[in-house]
Amino acid sequence: MSESNLFRRMLRNPLAVAAMVWLGLLILSSAFAGVLAPGDPNAGSVQNVLAPPGPGFPLGADSAGRDILGRLLHAGQFSLAAPVVTLTVAVLIGVTGGLIAGYFGGWFDTVSSWVAGVVMAMPGIIVLLAARAAIGPSMWLSMAIFGVLIAPGFFRLVYAAVTAVRNELYVDAARVSGLSDTRIISRHILTVVRAPVIIQAAMVFGIAIAIQAGLEFLGLGDMTLPTWGGILNDGFANLYTAPMLMLWPSLIIGLTCIALTVLGNAMRDELERAGGVPKKKGQAVDIVREHIFAHPEDPAAQLGEELLRVSDLRVGYDQRDGSVKQVVNDVSLTVRRGEVHGLIGESGSGKTQTAFAVMRLLPEGGRIVGGRVDFEGRDLALASEAEMVKIRGRKIAYIPQEPMSNLDPSFTIGTQLVEPMKIKLGLSSADAKKRALELLARVGIPNPERTFKAYPHEVSGGMAQRVLIAGAISCKPDLLIADEPTTALDVTVQAEVLDLMRELQKELNMGVILVTHNFGVVADLCDRVSVMRDGRIVETGPVRPIFAGPQHEYTQSLFDAILEDAPARGELVTTQKGAGA
Amino acid sequence: MSEVLLDCRDVVVEYPVKGFRKAPFKALKGVSLDIRPGETVGLVGESGSGKTTLGRAVLGLAPVTGGQVVFDGTDIAHYNRAQRQGLAKDIQVVFQDPYTSLNPSLTIEQILVEPLTVQKVPAAEASKRVRDLLDQVGLPANAAGRLPREFSGGQRQRIAIARALALQPRLIVCDEPVSALDLSTQARVLELFREIQERTGVAYLFVSHDLAVVRHLSHRVAVMFHGEIVEWGDGDQVTSHPKHPYTQRLFLSAPIPDPVRQEVRRAELHALRASKAEEKAA
């Protein structure tokens, strides 16, 4: 995202605008202090000591008879320049160090991370006091030292961003394109760290102003320079005689720090919002009901009782502008006991949304906006969450696509199998463990005892999927919903898991909804298939007739794209043309 | 003048393992294969087989600790970064994931111009080349000013292919370039790969886990298992009549999109497994 774009969007945030206006005024008035308040800000006169506001002294005079307003304006030059020193030092050290350590790693990484840790552990204000004692009251030097102390903040930030992006494929691609390291850093890495560094800089600037004012207030600064902290110090000394003297410097310091924090937060909010997916402009949903090709039943087939009947299901997502974007349109399907019903389609076809709607587990913002989901004599579309909790896991079980991310890495596999059984089936711990071991053995895990005690990262993806299948069948569900259960697995493991699912489905006489994009998986496991496109079913029926003669042109195009029966490339024909190379 | 464009001889890649005096992990245990100009060599295997590592070794992104990677007569296995930059015009890459292989904050034009500017192509000519590249991969010319996120997965992969083609390389390492794509998109992108090869004579090292995809595109196929090549030869031969038991299992494990034939294939797979189990028992 470009900076100008960010700036334009910041202008829409009233708080950010207020902050920017305040900071702008402050910078301008400090820059033109000589014009706005001519004369030496340090020149006072004895007659005007603590003079009240009046002609010549808009805000009164201080204990040395100096004009407060003039001093405040002139002080701005130093009080704003000092944090610039801190920031420059911190950014130079922190960002450079973070880039080198994060990108190249190696010994520099080890050493600099260690140094950053040590610097972070040092108590800042004590170091500053010690420095003042050693080198005398130099504002610039102490602010530079403060910059060193705060540099690890930038270092850590940049380091984390760089290590995250270093292994991105586009960085590899740039390397293969022949880009030098400096070019890769300036073009691909700096753009990533730019935004967080700018935000951090705004925050650090505020902190540096406060620290600098604090040092001056304590009387540890350079008393020859007018600064906000110094004026505050003078006001504090005369708190009882002229209480207003403290108000103005406190107000400026406070407002400036608040403005910088507000600005930093606003930038972060805007940048985070930019990370979202761009809104697709009103995808026109064709109102016309497409013809659904329904293939006739095989009269010889023995059909089980009807387990699930989805009728005219519609799923929608609430949009920011209040409208509802529909992702599933008028989907109807049935699943019988002992039958595997495949939902096949490409990404965005609504197959997973349909499956999740049956379980009422749609992601945030999604809901069933129409139709019925009849399961065991009731409409799940209208069921309460409490009713669904009773049904999920016990009557309807689920197998996910990514086995690893569906197991909690901080618990053993055993615990994750036993807990739901204790709750859902009311088993005792010992019984649940016995049953879990039986299930692990049933799903073909070679050493159930060892897997029971193992953590998810200690087993392979195929084993993890077997564990999840064991969990899904633990309560002998009537309906199993499997969302791309073998997509993340290797093909040899996929074959084993498909075999396992077939056996279990026969054994428990379950109805299964199998969401997949793979026609091979459908051919292997399904009795019935529905082809989905753009949230609609375009063709449905028993598997064999559809594979033998797809009717809808979309189904036909999908079959045409299958490469299984395409001829092999054959041998390389070397033509004489290219032989000279 | 050489018959062979790329010749990998007993390539070994080892990754250091964290921990004191732990033996390094051998990702490749001496792999040899060769690619001729204009040829596609398919590299099939499952996760952890080392197929991606071999591709990365050719690209100089994996540490080669043994053997040679000979490109056009020169061993490039231990090239340093500066020498590698010179190879950029000859060897390019298309990665699997079209979402992370394009820098999200650069426009398509910036992405495509990048390799050209490194090779000191004048800006005006580079800009002309970009239109030409977009045309070659079937994208409209107005795509140049847009950001990657405005494109679908298949279109992004076309952009990645255009970037690889920018320098007119002689070899492109394709690391699962169609695995993240939908079926119909996949077929069109594969067609594009084929068409580009026939037009430009570029050679591909085509890494994939999908036997059908590899069969469709490759003149010769190598099957990898646990860091070694277990079968290597003519594409049709290896993918239709595999000899090595692992290749046979791989071949039979992939379900055919036809319920009738899949039933037969499943039975064959079960028979193969049973015979394996018997062998073990004996």
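Read-outs: derived from the displayed coordinates by stated rules, not from any lab. Since the model is a prediction, treat every value here as computed from it, not as a measurement. For neighbour counting, all protein chains shown are included, and Cβ atoms are generated from backbone atoms with ideal geometry for every residue, glycine included.
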Q) Which is farthest toward the positive dipole end of region B:179-282 among B:190, B:281, B:179, measuring Cα position about the Cα centre, with Cβ charges +1 (Lys, Arg) and -1 (Asp, Glu)? A) B:281
Q) If one computes the Cα centroid of region A:475-508 and of region B:163-223, what distance in Å separates the two points? A) 32
Q: Positive end of the charge dipole of chain B (Lys, Arg +1 and Asp, Glu -1 on Cβ, about the Cα centre): tell me which of B:82, B:121, B:151 has its Cα farthest that way.
A: B:82
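Mind putting a number on the dipole of chain B about its Cα centre? Charges go on the C-beta only, +1 for Lys and Arg and -1 for Asp and Glu, and I need it in Debye to the nearest 20.
Details: 35 positive and 33 negative charges, 150 e Å.
Taking the Cα centre of chain B as origin, the dipole is about 720 debye.
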(Q) Could you tell me which residue out of B:272, A:532, A:114 lies farthest along the dipole of the protein assembly as shown toward its positive end? Charges go on the beta carbon: Lys and Arg +1, Asp and Glu -1, centred on the Cα centre. (A) A:114
Q | Residue-averaged 222 nm ellipticity for chain A, from DSSP H runs of 4+ at -39500 (n - 2.57), nearest 500 | A | -17000 deg cm²/dmol
Q: Beyond 26 Å between alpha-carbons counts as too far, so tell me which of A:453/B:26; A:395/A:433; A:351/B:51; A:395/A:434; A:476/B:276; A:351/A:506 fall in that bin.
A: A:453/B:26; A:351/B:51; A:476/B:276
**Q.** Alpha-carbon centroids, region A:190-228 and region A:346-419: separation in whole Å
**A.** 52
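Could you tell me whether region A:445-581 comes out rounded, prolate or oblate from its Cα gyration tensor? Rule is a ≥ b ≥ c as square roots of the eigenvalues, rounded for a/c under 1.5, then prolate if a/b exceeds b/c, otherwise oblate.
Values: a/c = 3.01, a/b = 1.39, b/c = 2.17.
It comes out oblate by the Cα gyration axes.
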**Q.** Model label zone, residue A:84; criterion: amide N under 19 Å from point 7 Å along Cα-to-beta-carbon; scope region A:5-23
**A.** A:20-23
Q: Could you size up the charge dipole of the protein assembly as shown around its Cα centre, putting +1 on the beta carbon of Lys and Arg and -1 on that of Asp and Glu, and report it in debye to the nearest 20?
A: 1140
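Calculate the dipole size of region B:36-185 relative to its Cα centre from +1 charges on Lys and Arg beta carbons and -1 charges on Asp and Glu beta carbons; express the result in debye to the nearest 20. Can you show the working numbers first?
Details: 16 positive and 15 negative charges, 70 e Å.
My answer is approximately 340 debye.
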Q.
Please give me the summed charge of the neighbours of residue B:138: other residues whose Cβ is under 11 Å from its Cβ, Lys and Arg +1, Asp and Glu -1.
A. -1
Q. Any idea how far apart residue B:135 and residue A:120 come out in nm if each label point goes 7 Å out from Cα toward Cβ?
A. 5.5
Q: Report, to the nearest 10°, how far helix A:244-274 tilts away from the longest principal axis of the Cα atoms in chain A, using its own Cα long axis and a range of 0 to 90°.
A: 20
Q: Using Cα centres only, tell me the gap between region A:290-308 and region A:87-124 in whole Å.
A: 67
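Under 14 Å from the Cβ of residue B:187, count the other residues' Cβ atoms, weight Lys and Arg +1, Asp and Glu -1, and hand me the total. Write out the running numbers ahead of the final one.
Numbers: positive: B:158, B:188, B:194, B:215; negative: A:346, A:560, A:564, A:565, B:182, B:191, B:195, B:210.
Net charge around residue B:187: -4.
For residue A:115, what is the net charge nearby, where nearby means another residue's Cβ is under 13 Å from its Cβ and Lys, Arg count +1, Asp, Glu -1? Walk me through the intermediate numbers first.
Numbers: positive: A:156; negative: A:109.
Residues close to residue A:115 contribute a combined charge of 0.
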Q: Please report the Cα spread of the protein assembly as shown along all three principal axes, rounded to whole Å, starting with the longest.
A: 114, 77, 59
**Q.** Distance between modelled label sites at residue A:311 and residue A:27, nm, 7 Å Cα→Cβ extension
**A.** 6.7
Q: With springs connecting C-alpha atoms under 10 Å apart, model chain B as a Gaussian network and identify which of B:51, B:128, B:89 has the largest mean-square fluctuation.
A: B:128
Q: For residue A:376, put the label point 7 Å out on the Cα→Cβ axis and report which residues of region A:418-439 keep their amide N under 14 Å from it.
A: A:424-425
Q) Which ³J(HN,Hα) values, rounded to whole Hz and listed in residue order, are derived for region A:319-328 from phi using the Karplus coefficients 6.51, -1.76 and 1.60 in 6.51 cos²θ - 1.76 cosθ + 1.60 with θ = phi - 60°, glycine and proline given as x? A) 9, 4, 7, x, 7, 10, 9, 8, 10, 10
**Q.** For region B:268-279, Karplus couplings with θ = phi - 60° (6.51, -1.76, 1.60), whole Hz, Gly/Pro x
**A.** 4, 4, 4, 5, 4, 4, 4, 5, 4, 5, 5, 3
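For region A:341-395, what is the per residue volume of the convex hull drawn over the alpha-carbon atoms, in cubic angstrom? Write down the numbers at each step before the final one.
Working: hull volume 6.0 nm³, N = 55.
Per residue, the Cα convex hull of region A:341-395 comes to 108 Å³.
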Q) By count of other Cβ within 10 Å, fewest leading, how are A:62, A:330, A:478 ordered? A) A:330, A:478, A:62
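When Cβ neighbours within 10 Å are restricted to other protein chains, what is their mean count per residue of peptide A:177-184? Display every interim value, and only then the final one.
Numbers: counts 16, 15, 6, 4, 1, 0, 3, 1.
Per-residue shielding by partner chains comes out at 6.
For a Förster distance of 35 Å, can you work out the FRET efficiency between the beta-carbons of residue B:264 and residue B:179, rounded to the nearest 0.05?
On the way: r = 27 Å, r/R0 = 0.77.
The pair residue B:264/residue B:179 has a calculated efficiency of 0.85.
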Q.
Using the basic label-point model (7 angstrom from Cα toward the beta carbon), what is the residue A:507 to residue B:243 distance in nanometres?
A. 4.0
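Most exposed first by the Cβ proxy, i.e. fewest other Cβ within 10 Å, how do A:103, B:15, A:159, A:240 rank?
Working: A:103 20, B:15 12, A:159 25, A:240 6.
So the ranking, lowest neighbour count to highest, is A:240, B:15, A:103, A:159.
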Q: Find the Cα radius of gyration of region B:52-175, compare it with 2.2 N^0.38 Å by division, and give the number to two decimals.
A: 1.10
